[in-house]
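These notes concern the structure reproduced below.
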Amino acid sequence: MNDLQPDRDPAERGPLLDIVGLRVDFRLDDSVVHAVRGVDLRVAAGETVAVVGESGSGKTATALSVLRLNPEPPCAYPGGEIRFDGRDLLTLSEPELCRIRGRDISMVFQDPMTSLDPLQRVGTQVAEVLRHHRGVSRAQARKTALAALAEVGIPEPERRYRQYPHELSGGLRQRVMIATALVTRPRVLIADEPTTALDVTVQRQILDLLLDLQRRHGMAIVLITHDLGVVAETADHVVVMHHGRVVESGTALDVFDHPADDYTRRLLAATPRLERA
Ligand SMILES: Nc1ncnc2c1ncn2[C@@H]1O[C@H](COP(=O)(O)OP(=O)(O)OP(=O)(O)O)[C@@H](O)[C@H]1O
Ligand SMILES: [Mg+2]
């Protein structure tokens, strides 16, 4: 027996992150948007759960809830739990959440400019995450940050380390953000359209990188994407959202081969490239 047990079914290990009955409201001046209306979503170590659904269905609101990154106000959480490590993240204080963000649970967004500091060299930003969460020395943080830049496929990491976000292309900025998210080896990565802004070759490289890190470190991934081809290739489990609810949940094979929900059938019908995959 191999004690690494690489082929063990992730579902047998129990969920690492367990979202139960999550509700998210946005309370505006004269109305309330019920963005998320009772969502269940669980992901185990080493597993990839894909979240798909049309624009406005509540995917990002759900993802941001995990680290309490929806702006409050207008956001409020009228119900549900987000269990991680035996705790409900929705009940934690801001300092407790700060310790978890970027260390145990990392997020990657579609637009890297929103999460990179324009006034700081990119290498320093990666190193700062390590200094903050791991308390390592400046020299050690620099060394590990350089390795992280190289790991995400950034050429000439020494030179790039010293540059500012505006000096990098969109693809390189996205890689820096991913390096920042992964440098602490988080147990959960939540990726919201992480590659949409990139060209197809770079998209492929970044997905391969995420899957490789997942294999090596047993990271759990929640992947929000519009690309059903990517879902078919990467996801162990698929959650389909519609109007703030989960309308379908199952293995990629189940959901794609026998879509039970009318909405999922229409979603699949609108994606001709899957049939060729
Ligand atoms: N900060 C906010 N203030 C007010 N309403 C918001 C806010 N963020 C999201 N919403 C609303 O919540 C609903 C769900 O939005 P969300 O961004 O989660 O959708 P999504 O599934 O991620 O869509 P997309 O595929 O376009 O990214 C939408 O009606 C949106 O307008
Ligand atoms: Mg979104």
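The values are calculated or read from the model by the stated rules, or taken from the named source; none is laboratory data. Note that the structure is a prediction, hence the values are computed from the model and not measured. Using ideal geometry, Cβ is built from the backbone for each residue, glycine included, and neighbour counts are taken over all protein chains shown. Accessible surface areas use protein heavy atoms only, side chains included; no ligands, DNA or RNA. Shrake-Rupley method; radii C 1.70, N 1.55, O 1.52, S 1.80 Å.
Quick notes on this structure:
- Residues satisfying the stated conditions in the stretch 183-239, i.e. part of a strand (DSSP E or B) and away from ligand 2 (no atom under 16 Å from the Cβ): V188, L189, A220, I221, H237, V238
- Pairs are defined by a Cβ separation below 8 Å, a sequence spacing of at least 6 or placement on different chains, a first member in the stretch 91-104 that is without any contact (Cβ under 8 Å) to a residue 60 or more places away in the chain and at negative phi, and a second member that is in a helix (DSSP H, G or I) and surrounded by 12 or more Cβ atoms within 10 Å (Cβ to Cβ); the pairs so defined are L92/I100; L97/L89; R99/H133; I100/L89.
- Filter pass, D208 being open to solvent by 60 Å² or more (accessible area, probe 1.4 Å) and either farther than 12 Å from T48 by Cβ or among the hydroxyl-bearing types (S, T, Y) (or both): yes
- Extreme residue, nearest to V188 (Cα to Cα), among residues of the stretch 12-63 that are near ligand 1 (Cβ under 8 Å from one of its atoms) and under 12 Å from the mean Cα position of the chain (by Cα): A63
- Test result for E81, more than 16 Å from ligand 1 (Cβ to nearest atom) and either touching a strand residue (DSSP E or B) at 6+ places or on another chain (Cβ under 8 Å) or free of Cβ contacts under 8 Å to residues at least 12 places away in the same chain (or both): yes
- Candidate set: the stretch 182-234, residues that are among the acidic types (D, E) and out of contact with any Phe, Trp or Tyr (no Cβ under 6 Å at 6 or more places or on another chain); chosen: the one farthest from I105 (Cα to Cα): D199
- Among the numbered conditions (1) of a type in the set (A, V, I, L, M); (2) touching a Lys or Arg at 6+ places or on another chain (Cβ under 6 Å); (3) surrounded by fewer than 16 Cβ atoms within 10 Å (Cβ to Cβ), the only one that I154 does not meet is (3).
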